[in-house]
1. Among what's in segment 432-450 and is of a type in the set (Gly, Ala, Ser) and surrounded by 14 or more Cβ atoms within 10 Å (Cβ to Cβ), pick the residue that is farthest from residue 416 (Cα to Cα).
2. From the set of residues in segment 375-392 that are assigned to a helix (DSSP H, G or I) and in contact with a strand residue (DSSP E or B) (Cβ under 9 Å, 6 or more places away or on another chain), which is modelled with the highest pLDDT?
3. Tally up the residues in segment 292-311 that are among the hydroxyl-bearing types (Ser, Thr, Tyr) and over 19 Å from residue 179 (Cβ atoms), please.
4. What do you reckon, is residue 387 buried (at least 18 other Cβ atoms within 10 Å of the Cβ), under 30 Å from residue 314 (Cα atoms) and not charged (D, E, K, R)?
5. Give the residue, chosen from 461, 392, that is touching a residue at least 24 places away in the same chain (Cβ under 8 Å) and among the charged types (D, E, K, R).
6. Within segment 343-371, track down each residue that is under 21 Å from residue 450 (Cα atoms) and among the hydrophobic types (A, V, I, L, M, F, W, C).
7. Limited to segment 121-164, what total is found for residues that are of a type in the set (S, T, N, Q) and in a loop (DSSP other than H, G, I, E, B)?
8. Examine segment 27-39 for a residue that is in a loop (DSSP other than H, G, I, E, B), within 20 Å of residue 213 (Cα to Cα), in contact with a strand residue (DSSP E or B) (Cβ under 6 Å, 6 or more places away or on another chain) and of a type outside the set (Ser, Thr, Tyr), and state whether such a residue exists.
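The values are calculated or read from the model by the stated rules, or taken from the named source; none is laboratory data. As the structure is a prediction and not an experimental result, all values here were calculated from the model. Cβ placement follows ideal geometry from the backbone for every residue including glycine, while neighbour counts extend to all protein chains displayed.
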Amino acid sequence: MPFKTLQSVIEDFEDRGRLIRIKEPLSPKLEMTEVTDRVVKKDGPALLFENPTGYEIPVLTNLYGSLDRIRSIFNIQELDDLGARFLRFLEMAPPKGWVEKLKLLPVLKEVAHVFPKTVKNAPCQEVVNADDPDLTRLPVLTSWPYDGGPFITLPLVITRHPKTGKRNMGMYRIQIYDSRTAGMHWHIHKDGAAQYREASPEVLFPVAVAIGPDPITTYCATAPLPGGIDELILSGFLRDKSVEMVKCITCDLEVPAESQFILEGYVQPGELKTEGPFGDHTGYYSPADSYPIFHLRAITHRKDPVYPATIVGYPPMEDQWLGKVTERLFLPLIKQQLPEIIDMNLPVEGCFHNLCFVSIDKRYPGHAHKVMQAIWGLGQMMFTKMIFVFDREVNVQDLSQVLFHLGGNVDPARDLVQVKGPVDALDHASSLPYLGTKMGLDCTAKWPSEGYERTWPDLIRMSPDVVTRIDGLWRRLGL
């Protein structure tokens with residue numbers, strides 16, 4: 001069964017030795033980051049800081065920071081199990097006509113329980129403060145020395161398109177300015193920013209921020225879903241249970257009912273303020289820039305809330321596992337569009353958008369180049385800075401194999417492709433903000449039809465019958 005609340009996760013992980021309570025008073029400014037960073041890099045447990053200096057609310061970090069915890073959260077044995085689930089989820093795509101709807105009725109009946117469900121009473125509204133809400137009462141972490149201030153790092157930012165009414169839930173960091181205002185970090189490429197751009201300058205744009213619902217719903221705010229798919233439906237599907245939603249106190253938005261905190265407010269279209277710098281998942285500080293201002297109207301929360309946070313910075317960090325969840329979850333969707341792909345690895349050292357290792361079933365001359373161009377045309381894969389394409393026999397999850405074949409099979413003048421296009425907003429190396437050069441490298445064995453006139457050498461392999469004989473003798477050799 002999926003975890004319903006953070007409290008149930010904490011209890012379960014503590015019982016299994018996957019969470020440690022830190023009773024020593026530590027400051028949310030830098031100190032908790034230093035402890036968490038050391039623990040993350042040792043593949044250590046989740047941490048519950050019970051006595052944040054100056055605050056009464058405990059802080060939870062490193063919740064997603066190990067494969068064991070990811071397996072428990074998503075109730076899976078292997079990460080690839082997520083991809084199999086997602087293929088089933090995609091079958092729920094809305095039909096176009098009555099005939100299609102009739103065909104889909106059995107499926108919809110089977111999965112009706114995954115759609116969000118509205119409730120009237122919610123734990124996230126056990127305490128309501130609309131008279132004097134104060135962001136500075138939350139133990140928000142300042143992670144790194146040159147950060148522009150404290151940042152909420154696991155916010156689920158919920159908005160509705162001002163014209164279509166379509167809901168969006170995304171994860172965009174929020175910098176606390178003072179008790180009532182904060183910076184809303186909407187990248188130009190994000191759906192939240194797209195909805196904001198459609199808002200009328202004369203009308204306040206409502207925004208609700210949920211902090212700390214169940215851990216799967218939190219993840220789903222980060223998922224790069226195809227357009228038109230509600231992140232909350234994905235959460236319901238992965239949880240095999242509806243996400244319960246409750247209407248906000250001050251605006252016409254719904255939020256996950258089991259959240260720890262809800263921040264209700266608005267942004268004024270056109271009103272901007274400097275946000276940042278911020279020590280980001282790239283391992284570098286992202287520079288200060290102008291972003292919309294979130295104005296707080298109310299804070300609601302559970303009676304005994306926990307404040308969840310994640311630390312991002314020089315990898316590996318906790319987000320390595322969230323990135324791997326996304327990689328394995330969406331690989332079947334990519335394979336549906338590019339069936340020649342065998343496997344894909346977005347290594348944590350490449351911050352998930354700098355490096356892509358992909359193996360393919362090569363079928364014709366130039367096939368590797370076709371795959372590169374296709375990947376750059378797939379949603380947020382457009383941000384991939386460097387793509388390396390290998391033959392199907394190469395295990396792209398094995399860095400040793402990747403480097404061996406990259407070094408042995410590549411002639412840079414022949415195999416290198418450069419294209420110009422959009423890059424991630426956090427890419428500090430690009431020649432222009434949001435626009436730069438991407439690189440593809442064909443690391444496959446070359447064919448005569450690709451201009452390679454010599455005979456491509458065979459890899460050194462032992463004879464299979466000898467391998468079988470030695471396998472049978474191995475224990476007797478005492479090695």
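1. Per the stated criteria, the residue is 436.
2. Result: 375.
3. Of the residues in that region, 1 qualify.
4. Considered against the rule, which asks whether it is buried (at least 18 other Cβ atoms within 10 Å of the Cβ), under 30 Å from residue 314 (Cα atoms) and not charged (D, E, K, R), residue 387 comes out as yes.
5. On inspection, the qualifying residue turns out to be 392.
6. Of segment 343-371, the ones under 21 Å from residue 450 (Cα atoms) are 358-371.
Result: 358, 360, 368, 371.
7. Total satisfying the criteria: 4.
8. no
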